[in-house]
Amino acid sequence: MASGLEVIVEALSAYWTSPIPLTIVALCAGSMATLLYVFLTNAQNSKLRVSILTGFYSLTAFFWVFLAVSLLICVAQSGMVAYRRGGVQLAAGSALTCALGTSVLASWLVWRYGPRTVLKSLAPRPPHAEETWLQDFVTLVAEVEGEAPVRLAVAETQAPLALAVGGSNPQILVSTRLLTLLDREEIESVLLHELMHLKNHDAEFKVFSRVFSRVMFFDPFSKFFDPALHREREYLADMMSGRTTGRPASLASALLKLSKNPGVTKTPRTILGLSILGPGKGIFSPYPPVEERIRRLLSLSRLLTGS
(Lines give C-alpha, C1' and ligand atoms only; values in the text may rest on other atoms or scores of the structure.)
Protein backbone atom coordinates (compact mmCIF):
# COMPACT_ATOMS: atom_id res chain seq x y z
CA MET A 1 0.00 0.00 0.00
CA ALA A 2 2.79 2.36 0.92
CA SER A 3 4.68 1.61 -2.31
CA GLY A 4 1.58 2.41 -4.35
CA LEU A 5 1.16 5.72 -2.54
CA GLU A 6 4.83 6.51 -3.10
CA VAL A 7 4.41 5.90 -6.84
CA ILE A 8 1.42 8.25 -6.96
CA VAL A 9 3.29 10.97 -5.03
CA GLU A 10 6.26 10.55 -7.36
CA ALA A 11 3.96 10.75 -10.36
CA LEU A 12 2.35 13.96 -9.08
CA SER A 13 5.76 15.43 -8.33
CA ALA A 14 7.08 14.54 -11.78
CA TYR A 15 3.97 15.94 -13.45
CA TRP A 16 3.73 19.24 -11.57
CA THR A 17 7.45 20.01 -11.86
CA SER A 18 7.33 19.54 -15.62
CA PRO A 19 7.26 22.76 -17.70
CA ILE A 20 4.33 21.64 -19.87
CA PRO A 21 1.50 21.52 -17.28
CA LEU A 22 3.01 24.46 -15.40
CA THR A 23 3.02 26.53 -18.60
CA ILE A 24 -0.63 25.66 -19.28
CA VAL A 25 -1.63 26.67 -15.74
CA ALA A 26 0.47 29.85 -15.89
CA LEU A 27 -1.11 30.88 -19.19
CA CYS A 28 -4.59 30.33 -17.76
CA ALA A 29 -3.80 32.26 -14.59
CA GLY A 30 -2.18 35.13 -16.49
CA SER A 31 -5.06 35.38 -18.93
CA MET A 32 -7.63 35.36 -16.13
CA ALA A 33 -5.72 38.05 -14.22
CA THR A 34 -5.56 40.25 -17.34
CA LEU A 35 -9.28 39.82 -18.05
CA LEU A 36 -10.13 40.59 -14.44
CA TYR A 37 -8.07 43.80 -14.53
CA VAL A 38 -9.78 44.99 -17.73
CA PHE A 39 -13.17 44.12 -16.25
CA LEU A 40 -12.56 46.14 -13.08
CA THR A 41 -11.28 49.16 -15.00
CA ASN A 42 -14.30 49.39 -17.33
CA ALA A 43 -17.18 49.70 -14.89
CA GLN A 44 -19.69 51.35 -17.28
CA ASN A 45 -19.06 49.40 -20.49
CA SER A 46 -21.54 46.53 -20.20
CA LYS A 47 -20.83 45.09 -23.66
CA LEU A 48 -17.09 44.89 -23.01
CA ARG A 49 -17.62 43.53 -19.49
CA VAL A 50 -19.91 40.78 -20.80
CA SER A 51 -17.28 39.72 -23.34
CA ILE A 52 -14.54 39.78 -20.71
CA LEU A 53 -16.52 37.80 -18.14
CA THR A 54 -17.55 35.25 -20.76
CA GLY A 55 -13.90 34.71 -21.62
CA PHE A 56 -12.99 34.56 -17.95
CA TYR A 57 -15.73 32.02 -17.27
CA SER A 58 -14.61 29.85 -20.20
CA LEU A 59 -11.02 29.91 -18.97
CA THR A 60 -12.20 29.01 -15.47
CA ALA A 61 -14.09 25.99 -16.80
CA PHE A 62 -11.06 24.83 -18.78
CA PHE A 63 -8.71 25.46 -15.84
CA TRP A 64 -10.64 23.30 -13.38
CA VAL A 65 -11.31 20.51 -15.85
CA PHE A 66 -7.61 20.45 -16.73
CA LEU A 67 -6.62 20.19 -13.06
CA ALA A 68 -9.19 17.44 -12.40
CA VAL A 69 -8.20 15.38 -15.44
CA SER A 70 -4.50 15.83 -14.63
CA LEU A 71 -5.07 14.46 -11.14
CA LEU A 72 -7.03 11.49 -12.46
CA ILE A 73 -4.37 10.62 -15.03
CA CYS A 74 -1.56 10.90 -12.49
CA VAL A 75 -3.35 8.55 -10.11
CA ALA A 76 -4.59 6.07 -12.72
CA GLN A 77 -1.36 5.95 -14.74
CA SER A 78 1.14 6.79 -12.03
CA GLY A 79 3.68 4.26 -13.28
CA MET A 80 3.68 5.74 -16.76
CA VAL A 81 3.85 9.33 -15.57
CA ALA A 82 6.56 8.71 -13.01
CA TYR A 83 8.90 6.39 -14.89
CA ARG A 84 8.31 6.01 -18.59
CA ARG A 85 9.95 8.22 -21.18
CA GLY A 86 7.52 10.87 -22.37
CA GLY A 87 4.97 9.97 -19.72
CA VAL A 88 4.49 13.50 -18.41
CA GLN A 89 4.14 14.92 -21.92
CA LEU A 90 1.57 12.29 -22.80
CA ALA A 91 -0.35 12.88 -19.56
CA ALA A 92 -0.37 16.65 -20.04
CA GLY A 93 -1.46 16.30 -23.64
CA SER A 94 -4.24 13.91 -22.64
CA ALA A 95 -5.41 16.28 -19.90
CA LEU A 96 -5.40 19.21 -22.32
CA THR A 97 -7.37 17.24 -24.92
CA CYS A 98 -9.87 15.96 -22.34
CA ALA A 99 -10.39 19.46 -20.92
CA LEU A 100 -11.13 20.89 -24.36
CA GLY A 101 -13.30 17.92 -25.32
CA THR A 102 -15.25 18.08 -22.08
CA SER A 103 -15.94 21.80 -22.53
CA VAL A 104 -17.19 21.25 -26.10
CA LEU A 105 -19.31 18.24 -25.12
CA ALA A 106 -20.86 20.05 -22.14
CA SER A 107 -21.70 23.04 -24.33
CA TRP A 108 -23.37 20.81 -26.94
CA LEU A 109 -25.39 18.89 -24.35
CA VAL A 110 -26.67 22.11 -22.78
CA TRP A 111 -27.44 23.55 -26.23
CA ARG A 112 -29.32 20.38 -27.17
CA TYR A 113 -31.16 19.49 -23.97
CA GLY A 114 -31.06 22.56 -21.69
CA PRO A 115 -33.98 24.45 -23.27
CA ARG A 116 -36.18 21.36 -23.10
CA THR A 117 -35.60 21.14 -19.34
CA VAL A 118 -36.51 24.80 -18.80
CA LEU A 119 -39.69 24.60 -20.87
CA LYS A 120 -40.81 21.35 -19.27
CA SER A 121 -40.88 22.96 -15.82
CA LEU A 122 -43.24 25.73 -17.02
CA ALA A 123 -45.49 23.84 -19.48
CA PRO A 124 -46.01 26.85 -21.79
CA ARG A 125 -48.84 27.09 -24.34
CA PRO A 126 -49.25 28.91 -27.67
CA PRO A 127 -50.76 32.43 -27.52
CA HIS A 128 -54.54 32.69 -27.44
CA ALA A 129 -56.38 34.73 -30.08
CA GLU A 130 -56.14 37.94 -28.06
CA GLU A 131 -52.41 37.37 -27.54
CA THR A 132 -51.37 36.80 -31.16
CA TRP A 133 -50.04 40.36 -31.38
CA LEU A 134 -47.22 39.23 -29.12
CA GLN A 135 -46.05 36.67 -31.68
CA ASP A 136 -46.48 39.17 -34.52
CA PHE A 137 -44.34 41.72 -32.68
CA VAL A 138 -41.60 39.21 -31.88
CA THR A 139 -41.57 37.91 -35.46
CA LEU A 140 -41.29 41.42 -36.89
CA VAL A 141 -38.47 42.52 -34.58
CA ALA A 142 -36.55 39.25 -35.06
CA GLU A 143 -36.72 39.79 -38.82
CA VAL A 144 -35.50 43.39 -38.51
CA GLU A 145 -32.66 42.30 -36.21
CA GLY A 146 -31.64 39.52 -38.62
CA GLU A 147 -32.42 36.77 -36.14
CA ALA A 148 -33.87 33.34 -36.85
CA PRO A 149 -37.64 32.99 -36.33
CA VAL A 150 -38.53 33.12 -32.64
CA ARG A 151 -41.61 31.45 -31.24
CA LEU A 152 -43.53 33.05 -28.39
CA ALA A 153 -45.15 30.97 -25.65
CA VAL A 154 -47.24 31.82 -22.60
CA ALA A 155 -47.02 30.22 -19.16
CA GLU A 156 -50.04 30.09 -16.88
CA THR A 157 -48.48 31.23 -13.62
CA GLN A 158 -48.87 33.99 -11.03
CA ALA A 159 -45.15 34.75 -11.14
CA PRO A 160 -44.41 37.70 -13.49
CA LEU A 161 -41.99 35.93 -15.82
CA ALA A 162 -40.27 36.78 -19.08
CA LEU A 163 -37.35 34.72 -20.33
CA ALA A 164 -35.56 33.72 -23.50
CA VAL A 165 -34.85 30.07 -24.27
CA GLY A 166 -32.13 29.44 -26.85
CA GLY A 167 -30.99 26.40 -28.76
CA SER A 168 -32.10 25.11 -32.14
CA ASN A 169 -35.66 26.42 -31.61
CA PRO A 170 -35.36 29.81 -29.87
CA GLN A 171 -38.37 30.93 -27.88
CA ILE A 172 -39.48 33.80 -25.70
CA LEU A 173 -41.76 32.91 -22.83
CA VAL A 174 -43.95 35.31 -20.86
CA SER A 175 -46.37 34.60 -18.05
CA THR A 176 -50.04 35.53 -17.88
CA ARG A 177 -49.30 37.48 -14.71
CA LEU A 178 -46.78 39.69 -16.50
CA LEU A 179 -49.26 40.36 -19.31
CA THR A 180 -51.89 41.57 -16.86
CA LEU A 181 -49.45 43.81 -14.96
CA LEU A 182 -47.95 45.74 -17.88
CA ASP A 183 -49.32 47.92 -20.64
CA ARG A 184 -48.54 47.30 -24.31
CA GLU A 185 -45.47 49.54 -24.56
CA GLU A 186 -43.99 47.99 -21.43
CA ILE A 187 -44.64 44.47 -22.72
CA GLU A 188 -42.97 45.34 -26.04
CA SER A 189 -39.93 46.64 -24.15
CA VAL A 190 -39.75 43.42 -22.14
CA LEU A 191 -40.03 41.31 -25.30
CA LEU A 192 -37.21 43.35 -26.86
CA HIS A 193 -35.12 42.76 -23.74
CA GLU A 194 -35.57 39.01 -24.12
CA LEU A 195 -34.90 39.13 -27.86
CA MET A 196 -31.61 40.89 -27.11
CA HIS A 197 -30.71 37.97 -24.84
CA LEU A 198 -31.21 35.66 -27.82
CA LYS A 199 -29.20 37.97 -30.07
CA ASN A 200 -26.31 37.96 -27.57
CA HIS A 201 -26.62 34.17 -26.95
CA ASP A 202 -27.27 34.93 -23.28
CA ALA A 203 -30.04 32.33 -23.16
CA GLU A 204 -27.68 29.46 -23.94
CA PHE A 205 -25.00 30.79 -21.62
CA LYS A 206 -27.36 31.14 -18.68
CA VAL A 207 -28.45 27.50 -18.91
CA PHE A 208 -24.85 26.36 -19.40
CA SER A 209 -23.58 28.33 -16.41
CA ARG A 210 -26.30 26.88 -14.17
CA VAL A 211 -25.27 23.35 -15.12
CA PHE A 212 -21.57 24.15 -14.81
CA SER A 213 -21.88 25.81 -11.40
CA ARG A 214 -23.68 22.76 -10.03
CA VAL A 215 -21.17 20.26 -11.43
CA MET A 216 -18.16 22.39 -10.44
CA PHE A 217 -19.53 23.19 -6.99
CA PHE A 218 -15.99 23.49 -5.60
CA ASP A 219 -15.00 26.24 -8.06
CA PRO A 220 -14.64 29.48 -6.06
CA PHE A 221 -14.52 31.62 -9.21
CA SER A 222 -18.00 30.65 -10.37
CA LYS A 223 -19.53 31.66 -7.04
CA PHE A 224 -18.58 35.29 -7.68
CA PHE A 225 -18.17 35.70 -11.42
CA ASP A 226 -21.13 33.66 -12.62
CA PRO A 227 -23.63 36.02 -10.89
CA ALA A 228 -21.55 39.02 -12.00
CA LEU A 229 -21.75 37.89 -15.61
CA HIS A 230 -25.52 37.41 -15.34
CA ARG A 231 -25.86 40.96 -13.98
CA GLU A 232 -23.81 42.47 -16.79
CA ARG A 233 -25.84 40.58 -19.39
CA GLU A 234 -29.03 42.05 -17.89
CA TYR A 235 -27.60 45.57 -18.08
CA LEU A 236 -26.60 45.02 -21.71
CA ALA A 237 -30.01 43.61 -22.71
CA ASP A 238 -31.67 46.60 -21.00
CA MET A 239 -29.58 49.08 -22.95
CA MET A 240 -30.04 47.30 -26.29
CA SER A 241 -33.79 47.07 -25.73
CA GLY A 242 -34.02 50.76 -24.85
CA ARG A 243 -32.06 51.84 -27.93
CA THR A 244 -34.07 49.58 -30.26
CA THR A 245 -37.50 50.72 -29.08
CA GLY A 246 -36.40 54.31 -28.49
CA ARG A 247 -38.41 54.09 -25.27
CA PRO A 248 -36.06 52.99 -22.47
CA ALA A 249 -38.41 54.61 -19.94
CA SER A 250 -41.03 51.99 -20.83
CA LEU A 251 -38.69 49.20 -19.77
CA ALA A 252 -37.81 51.15 -16.62
CA SER A 253 -41.53 51.42 -15.84
CA ALA A 254 -41.99 47.69 -16.48
CA LEU A 255 -39.12 46.79 -14.14
CA LEU A 256 -40.55 49.03 -11.43
CA LYS A 257 -44.00 47.42 -11.68
CA LEU A 258 -42.58 43.90 -11.69
CA SER A 259 -40.32 44.59 -8.70
CA LYS A 260 -43.27 45.94 -6.68
CA ASN A 261 -45.43 42.89 -7.40
CA PRO A 262 -45.34 40.21 -4.66
CA GLY A 263 -45.50 37.52 -7.33
CA VAL A 264 -41.84 38.12 -8.20
CA THR A 265 -40.90 36.11 -5.10
CA LYS A 266 -42.75 33.12 -6.59
CA THR A 267 -40.22 32.71 -9.40
CA PRO A 268 -39.55 28.94 -9.66
CA ARG A 269 -36.06 27.92 -8.59
CA THR A 270 -35.64 26.02 -11.86
CA ILE A 271 -35.55 29.33 -13.77
CA LEU A 272 -33.99 31.58 -11.15
CA GLY A 273 -31.59 33.87 -13.00
CA LEU A 274 -33.26 33.18 -16.35
CA SER A 275 -36.27 35.50 -16.04
CA ILE A 276 -36.07 39.27 -16.47
CA LEU A 277 -36.48 39.80 -12.73
CA GLY A 278 -36.42 37.67 -9.63
CA PRO A 279 -35.75 37.62 -5.90
CA GLY A 280 -32.34 38.11 -4.38
CA LYS A 281 -29.82 40.90 -3.92
CA GLY A 282 -26.09 41.30 -3.45
CA ILE A 283 -22.96 39.92 -5.10
CA PHE A 284 -24.33 36.38 -5.23
CA SER A 285 -27.54 37.38 -7.02
CA PRO A 286 -27.82 36.99 -10.81
CA TYR A 287 -29.99 40.12 -10.89
CA PRO A 288 -28.58 43.66 -10.80
CA PRO A 289 -30.20 46.10 -8.38
CA VAL A 290 -33.51 47.24 -9.88
CA GLU A 291 -32.77 50.82 -8.84
CA GLU A 292 -29.53 50.82 -10.85
CA ARG A 293 -31.21 49.29 -13.91
CA ILE A 294 -33.92 51.95 -13.79
CA ARG A 295 -31.35 54.73 -13.29
CA ARG A 296 -29.38 53.63 -16.37
CA LEU A 297 -32.51 53.33 -18.48
CA LEU A 298 -33.73 56.78 -17.49
CA SER A 299 -30.29 58.22 -18.25
CA LEU A 300 -30.49 56.62 -21.69
CA SER A 301 -33.99 58.07 -22.12
CA ARG A 302 -32.72 61.59 -21.37
CA LEU A 303 -29.86 61.06 -23.81
CA LEU A 304 -32.18 59.90 -26.60
CA THR A 305 -34.71 62.70 -26.06
CA GLY A 306 -32.08 65.39 -25.50
CA SER A 307 -33.70 66.48 -22.26
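The values are calculated or read from the model by the stated rules, or taken from the named source; none is laboratory data. All values reported here derive from a predicted model rather than from experimental measurement. FYI the Cβ positions are ideal-geometry reconstructions off the backbone, even for glycines, and counts take in every protein chain you see.
At a glance:
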{"item": "Matching residues, the stretch 156-168, being under 19 Å from Ile187 (Cα atoms) and within 22 Å of the chain's Cα centre (by Cα)", "result": "Ala159, Pro160, Leu161, Ala162, Leu163, Ala164, Val165"}
{"item": "Long-range neighbours under 6 Å by Cβ, at least six apart or interchain, first residue surrounded by fewer than 21 Cβ atoms within 10 Å (Cβ to Cβ) and in a loop (DSSP other than H, G, I, E, B) within the stretch 143-170, second modelled with pLDDT of 90 or more and not small (Gly, Ala, Ser)", "result": "Glu156/Thr176; Gln158/Arg177"}
{"item": "Residues of the stretch 263-284 that turn out to be touching a residue at least 24 places away in the same chain (Cβ under 8 Å) and closer than 20 Å to Asp202 by Cα, as a count", "result": "11"}
{"item": "In the stretch 134-172, the residues that are of a type in the set (S, T, N, Q) and closer than 28 Å to Lys266 by Cα", "result": "Gln135, Thr157, Gln158, Asn169, Gln171"}
{"item": "Of all residues making up the stretch 155-169, the number that are more than 10 Å from Glu204 (Cα to Cα) and not hydroxyl-bearing (Ser, Thr, Tyr)", "result": "9"}
{"item": "Answer residue from the stretch 251-271, given it is β-branched (Val, Ile, Thr) and under 15 Å from Leu163 (Cβ atoms) and is modelled with the highest pLDDT among those", "result": "Val264"}
{"item": "Residue count, the stretch 80-121 (criterion: modelled with pLDDT under 70, touching a helix residue (DSSP H, G or I) at 6+ places or on another chain (Cβ under 6 Å) and closer than 17 Å to Ser13 by Cα)", "result": "3"}
{"item": "Residues within the stretch 256-283 that are touching a Lys or Arg at 6+ places or on another chain (Cβ under 6 Å) and either in a helix (DSSP H, G or I) or acidic (Asp, Glu) (or both), tallied", "result": "1"}
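Residue by residue, here is whether (1) farther than 19 Å from Leu182 by Cα; (2) at pLDDT 90 or above; (3) of a type outside the set (S, T, N, Q) holds:
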{"residue": "Met240", "(1), (2), (3)": "yes, yes, yes"}
{"residue": "Ala249", "(1), (2), (3)": "no, yes, yes"}
{"residue": "Ser285", "(1), (2), (3)": "yes, no, no"}
{"residue": "Pro289", "(1), (2), (3)": "yes, yes, yes"}
